[in-house]
Amino acid sequence: MANPSPPNNGDLPEGLQEFVSRRLMEAIIKGDLPSGEKLSPTKLATDFGVSHIPVREALARLEADGYVRRVPRVGFFVAELSREHLEDVYHWRDILESEAHRIAVPQLTASDIQRMRTINAGINATKDSRSNRFLDLNREFHFVAFERAGSEILLRFLNHLWDAAARYQNTMDYARATRAVLRQHHDALIEAFEARNVKLVNARMAEHRALTLQAIRAMASSEAAAADS
């Protein structure tokens, strides 16, 4: 990972431990810190320009969140990606997103629908389906409805699951589906949202998740076969 800039007051409204946690999580999600890489608290403290205490607190927090694995008397490592973990992430996304839609869809406003259309236009204008901008806009699109559910706890869990899914998307180059299919899915979702039809929204969202999940499964299988050959 490229050496991060030392923190300044503008970076630290939340404190040193939060700053280090956020920067490390971003690096793990983006793949700058690859799966299995050993994390040296001493080097991280030097890179971030902080003491060892906030670094160790950040690593402990990331271990609890599943981004870091600690081996006693050996050290900290970026947690490995696995097919089982991926399936678990998408299982809980299915459950929590369906519940979020059940609460939120009847409360969507015309402004929410217009916001979805505007974000979707930005997605369609993005040339690279694997760029950070594409992934950020895609996430923003889906969270319009999630936010309308009005639960900070639900949003926290959904953000955690989307962060976990992003590791696979970024690492495994998931976007093998054609842009036309992705566009069709989002257009169909907007229609269902506009109709305030919870059952249809969840059915179309299930298809949308399955498209991404199948692409990641295929990539994981391909990489496993290459490793065994």
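FYI, it's all coordinate maths here, none of it is from the lab. Only a predicted model underlies this, so the values are computations on that prediction, with no experimental measurement involved. With ideal geometry, Cβ positions are generated from the backbone for all residues, glycine too; neighbour counts draw on all protein chains shown.
Points worth noting:
- Averaging over all projection directions, the Cα-based convex hull of segment 9-78 occupies 4.6 nm² in the image plane.
- Extension gain, SER40 to LYS199: 0.36 nm times the residue separation minus the Cα-Cα distance gives 52.4 nm.
- When the Cα atoms of segment 21-175 are aligned to their principal axes, the ranges along those axes come out at 55, 33, 32 Å in descending order.
- ALA64-TRP92 FRET efficiency (beta carbon distance; Förster radius 25 Å; 0.05 resolution): 0.90
- Sequence-distant residues sharing a close amide H with LEU33 (under 5 Å, placed H): ILE28
- Whole-Hz couplings from phi, Karplus 6.51/-1.76/1.60, listed for segment 55-64; x for Gly and Pro: 5, 5, 5, 5, 5, 5, 5, 5, 5, 5
- Order by protection proxy (mean Cβ within 10 Å, highest first), peptides 111-120, 140-149, 207-216: 140-149, 207-216, 111-120
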